[in-house]
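What follows is a single structure, written as structure tokens, with notes after it.
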Amino acid sequence: MTEQNREKNDTDIGAFILAAGEGRRLRPATLKTPKAAIPFCGCPLVSLAAIKIASSGIRQIVVNTHYLPGQVEIAVRNITDDCRGEPPFVIFSHEPTLLNTGGGLRQGCLLVPRCSQIIAHNADVISDYPLPDLLSAHIEKKNLATLLLIPDRGPKTVSIASDGRIVSFREPSRHDHYTFSGIYVFHRHLLDYLPDTSAPSIVEAFENALTAGERIIGLPGATTHFWSDLGTPRSYIDAHRRAAHWNWTHFPALAGAVREQRRRQDGLRENGIILTGGVAVGKNVSIAPGTRLHDCVLWDNVIIPEPMDVSTAIITRGSRVTPPHQPITEPSPAVLNTLELDPASHQFTPLPEQGSGRRYARLSDGGRSWIWSAYTQDRPENAHTAACAEFMAQCGVRAPAVLLHTPESGEIVFEDLGDVRLLDIHDPDRRLVFLTQVIEQIARLHSQAPAVLNQFPLPLQEPFGPDLYAWERNYFREETLAAVFHSSSLWTPEIEKECQAGQDLLIRAPRTVIHRDLQSANIMVKNGQARVIDVQGMRLGVGAYDVASLLFDPYTCLPAAHRGALWRQYLTCLDAEGAATVTTEMLTAAAAQRLMQALGAYGKLWRKDGRDWFKDYIHNGLIMLEQATADSPSHAALRALARKLADSHSDQFT
């Protein structure tokens, strides 16, 4: 039936909130709570959608349910106090088997037969777009359906013609395309275009109607309107960050919720809790002073009894989070359930222990695989791995995707990047290809990080300064020069003076966010691409430190020609980005610092931690220290020390 044949007064309006989804991508947060009932700024999502609809004057609302329906019903029935005027009449349409968007609408709309126009709203969408404007545009033009489109976020696969008619829903993403918002108005005759299957998508009805010549119109929202799809943990957390700074002109109930969030946050700060990034706080939380929260959402009744770092996480209702001081030995039930792994049949393959002390394993079920890691709070930076990986991605660096983070148990699940480290690639030419990729990515990190940091705050570790540089030198003196070589007296005032001069040069240099441990064991190679791992130690420092870590890596001992080519490539990339110049003198000073830190680590890990394989790299580290300072008159005494130690103990360490 076309618009010419529809009754002019066919405008009775109802609403439909799609709330049946399980929220599998949001697990483990949705293992015990349906997606529609999870809180946003302290209010259940389905409640916010119902309040927004009711505040637009719509009094008949259908809500479909499937997973844990009782929680959805309770959330909707508790909205009375937040609605302007008379509360809406809500009908629940339960689906024993999920019917998809089209099937759910087809079943649920039978419950409001007198409503010829339906406004549909996904429960997991937050928007402050004024629904009366969408309704007016739809009814005035007598469209079969009018869809709110988003111009600046999301996958952007919807294209429209100059008159607003939708051309396609499935085109490749382009800057001039739009994202389907999950909010739309339609005449119930649209449902006639659904295919005769049990669980069709509403998009199939849109496409069939377009083929029949019906008016399916896309109405682009403005960038001044808030919109977010909360389908993943990352988008859920990011939406809270954005919401805190938004003026909720068209959504008074959410404006009130944001004000309440600010009050709760101020209370935490007054009690000595550090908040950075986007943090949302539920009711009746108890958090120990000294706790650091970054980019996380705490639901009601959360308890953190001891100071700890919590980052990039959703802490669900009633959780008691204590800092793990020993890494757990196997995946928790929450991880297995989230990944849909059978506890009895999944494969768990421990991976070699690394210097960080974290535990790693490969999880798989025969067809899928992940890398599982367990960490402790003894090194608080471990809790920020997910935040650092996300920051790397924002800067255009290929870092492993963090798929799951559970601070309650100290677990992180990464995408599986295979087993090939750059360390394992011995062909010089092939290795140079991947090193070039890394250099280009790191130059991008160093040039982009200052701007990205303004938009995405990061819980960085202690910045490089006099204390950290001195600690690195003392690490070498105590753990290697004294404990391994029994030669403390070889550290002379002249060497200390050289190192102080190098330190002063680095402190004066422009600072950026650096990886801090950029060496071949922390670079994975998969499908022809190099990816940087172990990103949790990021901090402010001079970019030359990262480059020196890579060029003078004792694990690979690159030839001078390759070091020179990579250094020139780094400078070229910085110049292309308009970033501050880094000098060769900075590279030398940074290499000296980095190698003293690395040698100290090798000595400590070998002698104190019983990891004998690190002994094998002490000689290489000394050779690299000598070569890094070879052309620097200002490091003559340090170079002589490196040569003396390498020569006098070559039999012991080679």
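The values are calculated or read from the model by the stated rules, or taken from the named source; none is laboratory data. All figures in this text were calculated on a predicted structure; none of them were measured in a lab. Using ideal geometry, Cβ is built from the backbone for each residue, glycine included, and neighbour counts are taken over all protein chains shown. In case anyone asks, the SASA skips ligands and DNA or RNA and just uses the protein heavy atoms, side chains included. Shrake-Rupley method; radii C 1.70, N 1.55, O 1.52, S 1.80 Å.
Points to keep in mind about this one:
- If you go through region 34-59 and keep only what is open to solvent by 30 Å² or more (accessible area, probe 1.4 Å), touching an Asp or Glu at 6+ places or on another chain (Cβ under 8 Å) and small (Gly, Ala, Ser), you end up with just Gly42.
- Checklist (1) among the β-branched types (Val, Ile, Thr); (2) within 22 Å of Ile126 (Cβ to Cβ); (3) outside any loop (DSSP other than H, G, I, E, B) applied to Thr249, failing item: (3)
- Within region 411-462, the only residue that satisfies the criterion of being among the acidic types (Asp, Glu), touching a Phe, Trp or Tyr at 6+ places or on another chain (Cβ under 9 Å) and more than 30 Å from His325 (Cα to Cα) is Glu440.
- Any hit, region 60-80, residues being of a type in the set (Ser, Thr, Tyr), open to solvent by 20 Å² or more (accessible area, probe 1.4 Å) and within 17 Å of Phe16 (Cβ to Cβ): no
- Residue within region 613-636 that is part of a helix (DSSP H, G or I), open to solvent by 30 Å² or more (accessible area, probe 1.4 Å) and of a type in the set (Gly, Ala, Ser) present: yes
- Yes/no for Ile91 being open to solvent by less than 10 Å² (accessible area, probe 1.4 Å), hydrophobic (A, V, I, L, M, F, W, C) and part of a strand (DSSP E or B): no
- For Gly218, the conditions (1) closer than 30 Å to Gln265 by Cα; (2) open to solvent by less than 30 Å² (accessible area, probe 1.4 Å); (3) touching a Gly at 6+ places or on another chain (Cβ under 8 Å) are fulfilled apart from (1).
- Residues in region 267-309 that are of a type in the set (S, T, N, Q), part of a strand (DSSP E or B) and either more than 20 Å from Ala239 (Cα to Cα) or touching a helix residue (DSSP H, G or I) at 6+ places or on another chain (Cβ under 6 Å) (or both): 1 in all.
- Qualifying residue in region 353-376 (condition: under 17 Å from Ser311 (Cα atoms), out of contact with any helix residue (DSSP H, G or I) (no Cβ under 6 Å at 6 or more places or on another chain) and either modelled with pLDDT of 90 or more or open to solvent by less than 10 Å² (accessible area, probe 1.4 Å) (or both)): yes
- Scanning region 513-553 for residues that are open to solvent by 10 Å² or more (accessible area, probe 1.4 Å), under 17 Å from Gln593 (Cα atoms) and not small (Gly, Ala, Ser) turns up Arg516, Asp517, Gln519, Arg539, Leu540, Phe552.
- Those residues of region 441-468 which are within 22 Å of Ala589 (Cβ to Cβ) and crowded, with 23+ Cβ neighbours inside 10 Å, in sequence order: Ile442, Ala443, Leu445, His446, Ala449, Phe464
- Residue selected from region 569-588 under the condition of a type outside the set (A, V, I, L, M) and within 32 Å of the chain's Cα centre (by Cα), by the criterion least open to solvent (accessible area, probe 1.4 Å): Tyr570
- Test for Thr385: is it surrounded by 20 or more Cβ atoms within 10 Å (Cβ to Cβ), of a type outside the set (Gly, Ala, Ser), closer than 29 Å to Ala288 by Cα and in contact with an Asp or Glu (Cβ under 6 Å, 6 or more places away or on another chain): no
- Verdict on Leu558 being part of a helix (DSSP H, G or I) and either in contact (Cβ under 8 Å) with a residue 40 or more places away in the chain or open to solvent by less than 60 Å² (accessible area, probe 1.4 Å) (or both): no
- Some residue of region 294-312 being open to solvent by 10 Å² or more (accessible area, probe 1.4 Å) and either aromatic (Phe, Trp, Tyr) or within 18 Å of Ile412 (Cα to Cα) (or both): yes
- Test result for Ser345, without any contact (Cβ under 8 Å) to a residue 24 or more places away in the chain and either open to solvent by 10 Å² or more (accessible area, probe 1.4 Å) or of a type in the set (Phe, Trp, Tyr) (or both): yes
- Listed by first and then second residue, the pairs linking a residue in region 484-505 that is free of Cβ contacts under 8 Å to residues at least 60 places away in the same chain and closer than 14 Å to Leu641 by Cβ to a residue that is assigned to a helix (DSSP H, G or I) and open to solvent by 70 Å² or more (accessible area, probe 1.4 Å), with Cβ atoms under 9 Å apart and 6 or more places separating them unless they lie on different chains, are Ser488/Arg477; Ser488/Glu478.
- Qualifying position, being in contact (Cβ under 8 Å) with a residue 60 or more places away in the chain, closer than 29 Å to Glu22 by Cα and either among the aromatic types (Phe, Trp, Tyr) or open to solvent by 10 Å² or more (accessible area, probe 1.4 Å) (or both), among Arg241, Arg234: Arg234
- Glu411, sole failed condition from (1) over 25 Å from the mean Cα position of the chain (by Cα); (2) open to solvent by less than 30 Å² (accessible area, probe 1.4 Å): (1)
- Condition broken by Arg106, with the remaining ones in (1) touching a residue at least 60 places away in the same chain (Cβ under 8 Å); (2) open to solvent by less than 60 Å² (accessible area, probe 1.4 Å) satisfied: (2)
- Near pairs, Cβ below 9 angstrom, 6+ apart or cross-chain, from region 62-81 (free of Cβ contacts under 8 Å to residues at least 24 places away in the same chain and closer than 26 Å to Arg114 by Cβ) to any residue that is polar (S, T, N, Q) and open to solvent by less than 40 Å² (accessible area, probe 1.4 Å): Glu73/Thr65
- The one condition in (1) within 17 Å of Ile412 (Cβ to Cβ); (2) modelled with pLDDT of 90 or more; (3) more than 23 Å from the chain's Cα centre (by Cα) that Asp342 fails to fulfil: (1)
- Output for region 147-167, where each listed residue is closer than 11 Å to Phe180 by Cα and of a type in the set (Ser, Thr, Tyr): Thr157, Ser159
- Restricting region 186-215 to residues that are crowded, with 22+ Cβ neighbours inside 10 Å and closer than 20 Å to Gly154 by Cα, the residue that is farthest from the chain's Cα centre (by Cα): Phe206
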